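A.B. asks: Pasting in a structure now, in structure tokens, and then I'll have a few things to ask.
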Amino acid sequence: MTLDMRTLQRVADWLAVAVVVSLPWSTSVSVILIVLWLVAVLPTLSIVDLRRELLTTAGGLPVLLWLLAALGMLWADVPWAERIDGLGGFHRLLAIPLLLAQFRRSRCGPCACYGFLISATVLLALSWLLAVLPSQALDHVPLFGAHAKAFGVPVKDYILESGIFLICAFGLIGAACERWREAGWRTTAALLCLATCFLANIAFVAVSRTTVVVVPLLAIVLGYRYFGWRGVALAGIGAAVLAAVALQASPYLHLRVMHSFTELRTYQNTDAANSTGLHMEFLKKSVAIVAAAPVIGHGTGTIAEQFRLAASGDAGSASAVATVNPHSQIFAVAIELGVLGAAVLLAMWVAHGLLFRGSGLMAWIGTIIVVQNFLSSLVNSHLFDFGQGWLYVFGVGIIGGTVLRDAHLPPAASPGAKP
């Protein structure tokens, strides 16, 4: 029986790794793997394991947020189908304590990081191939040709792709900082070269305005983590210089940035329903909607109804658009659960950030995932999006469990510190 349980634990570990590897590629495959992972992992976790995680802020706050959302269905003034659908966005948070408990005892945490990096690197190569080669040369390849999502985006969407590349780039830079003294200049140069390829793709191929804003802020966090306040100054200067060079060298990036300012002016003058204008309109309406029920919100599943009620103006204008996504994770929670829910959400991010306050590469990768998700969620509802949401859940759960495991091992036996 013990042997069977250990085998099941190994199966659950590798299924979790497989989920991480699949996330950049296929939603349907990821769903199947997540279900299989749940079936495999639940029998391996004891009540003691789960209680230990639930009594921590890192494992308990995601569950608390889900419980608030479940209670929020009681005071929502919409059909039950919409309430249940609204709760669906919170379900994945329940996996965080499961993953923390699983990877406290597992040695597969570094394997998940390597697997994700390899998967993202293959996606990077395909993205560059799709961008560099003429489209006619790839028409006979089903993955590209007519099935390509956009320029340089073989699968999924450019926002998820650039977010994945951002995590990999800063993970590689962190690895270079960790190892430059002991690994030699060749290894350090190789790590930085691959990181540059990821960052160049963000700037020249699949430009996400959110990611462009997150890059300099993550650079400052990296500078402080490895070099203190001097690193903050150097990172700030370096980010400013690189941003200026990228804007000059990448016409696409320059066009995207300038187009955002043009859209903003057009929205202010004509109430046009362009991308930037809709973001501003949703932000303005979100503030008013939260102010109408500030403490416990309007209830789970009420976002669409509240924006329908707030819609006004002529058809085709930004003010007339009703949405199910306020494009802000904080407002998405606050509309439904009020300031109380938003406070729990912010506390969860803080708890997960503190989970990775220690030294070591694994802790740095966990920090990247939390900071990137928090910053991008200011203008996106990324915890409710499939790719970004599950990437955060598995990233925090796997790396967090590995960090907790390493913290209770002797220093010489802590493989998670430098995978």
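A.B. asks: Here's a check for you: in the stretch 39-55, which residue that is free of Cβ contacts under 8 Å to residues at least 12 places away in the same chain and under 25 Å from the mean Cα position of the chain (by Cα) is least open to solvent (accessible area, probe 1.4 Å)?
C.D. replies: Val39
A.B. asks: So the check is Cβ under 8 Å with 6+ separation or different chains; which pairs have a first residue in the stretch 171-186 that's over 17 Å from Gly228 (Cα atoms) and assigned to a helix (DSSP H, G or I) and a second one that's among the β-branched types (Val, Ile, Thr) and at pLDDT below 90?
C.D. replies: Sorted first by the residue in the stretch 171-186, then by its partner, the pairs are Arg179/Thr187; Arg179/Thr188.
A.B. asks: What number goes with the only condition from (1) closer than 30 Å to Gly400 by Cα; (2) in contact with a Phe, Trp or Tyr (Cβ under 9 Å, 6 or more places away or on another chain); (3) assigned to a helix (DSSP H, G or I); (4) open to solvent by 40 Å² or more (accessible area, probe 1.4 Å) that His327 does not pass?
C.D. replies: Status for His327: all satisfied but (3).
A.B. asks: Pull up the stretch 279-299, narrow it to residues that are of a type in the set (A, V, I, L, M, F, W, C) and over 25 Å from the mean Cα position of the chain (by Cα), then point me to the one that is surrounded by the most Cβ atoms within 10 Å (Cβ to Cβ).
C.D. replies: Looking at residues that are of a type in the set (A, V, I, L, M, F, W, C) and over 25 Å from the mean Cα position of the chain (by Cα), I get Ile289.
A.B. asks: Within the bounds of the stretch 144-167, is there any residue that is more than 28 Å from His382 (Cα to Cα), at pLDDT 75 or above and either of a type in the set (Asp, Glu) or not in a helix (DSSP H, G or I) (or both)?
C.D. replies: So far as the stretch 144-167 goes, no, none of its residues is more than 28 Å from His382 (Cα to Cα), at pLDDT 75 or above and either of a type in the set (Asp, Glu) or not in a helix (DSSP H, G or I) (or both).
A.B. asks: Please pick out the residue among Leu74, Leu67 that is out of contact with any helix residue (DSSP H, G or I) (no Cβ under 8 Å at 6 or more places or on another chain), free of Cβ contacts under 8 Å to residues at least 24 places away in the same chain, surrounded by fewer than 18 Cβ atoms within 10 Å (Cβ to Cβ) and aliphatic (A, V, I, L, M).
C.D. replies: Answer to the selection: Leu67.
A.B. asks: Assess whether Arg92 counts as being open to solvent by less than 80 Å² (accessible area, probe 1.4 Å), over 23 Å from Asp406 (Cα atoms) and either at pLDDT 95 or above or of a type in the set (S, T, N, Q) (or both).
C.D. replies: Details: open to solvent by less than 80 Å² (accessible area, probe 1.4 Å): yes; over 23 Å from Asp406 (Cα atoms): yes; either at pLDDT 95 or above or of a type in the set (S, T, N, Q) (or both): yes.
Against the criterion (open to solvent by less than 80 Å² (accessible area, probe 1.4 Å), over 23 Å from Asp406 (Cα atoms) and either at pLDDT 95 or above or of a type in the set (S, T, N, Q) (or both)), Arg92 qualifies.
A.B. asks: Additional query: Looking at the stretch 190-237 only, could you name the residues that are in a helix (DSSP H, G or I), open to solvent by less than 50 Å² (accessible area, probe 1.4 Å) and of a type in the set (Gly, Ala, Ser)?
C.D. replies: Those that are in a helix (DSSP H, G or I), open to solvent by less than 50 Å² (accessible area, probe 1.4 Å) and of a type in the set (Gly, Ala, Ser): Ala195, Ala200, Ala203, Ala219, Gly223, Gly228, Gly231, Ala235, Gly236.
A.B. asks: Test Leu126 against the criterion of being among the hydrophobic types (A, V, I, L, M, F, W, C), open to solvent by 30 Å² or more (accessible area, probe 1.4 Å) and touching a Phe, Trp or Tyr at 6+ places or on another chain (Cβ under 9 Å), and give yes or no.
C.D. replies: Details: among the hydrophobic types (A, V, I, L, M, F, W, C): yes; open to solvent by 30 Å² or more (accessible area, probe 1.4 Å): yes; touching a Phe, Trp or Tyr at 6+ places or on another chain (Cβ under 9 Å): yes.
Taking the combined requirement at face value, the residue satisfies it.
A.B. asks: When residues of the stretch 375-386 are filtered for being in a helix (DSSP H, G or I), surrounded by 21 or more Cβ atoms within 10 Å (Cβ to Cβ) and of a type outside the set (S, T, N, Q), how many remain?
C.D. replies: Residues that pass the stated criteria total 0.
A.B. asks: When residues of the stretch 275-334 are filtered for being within 19 Å of Ser260 (Cα to Cα) and without any contact (Cβ under 8 Å) to a residue 40 or more places away in the chain, how many remain?
C.D. replies: 4
A.B. asks: Between a residue in the stretch 97-124 that is touching a residue at least 60 places away in the same chain (Cβ under 8 Å) and any residue that is acidic (Asp, Glu) and surrounded by fewer than 20 Cβ atoms within 10 Å (Cβ to Cβ), which pairs come within a Cβ distance under 8 Å, given they are 6 or more apart or on different chains?
C.D. replies: Listed pairs, sorted by first residue: Ala101/Asp49; Arg104/Asp49.
The values are calculated or read from the model by the stated rules, or taken from the named source; none is laboratory data. All values reported here derive from a predicted model rather than from experimental measurement. Don't worry about glycine lacking a Cβ; one is built from the backbone with ideal geometry, like all the others, and counts go over all protein chains shown. Ligands, DNA and RNA are stripped out before the accessible areas are found, and what is left, the full protein with its side chains, is counted by its heavy atoms. Shrake-Rupley method; radii C 1.70, N 1.55, O 1.52, S 1.80 Å.
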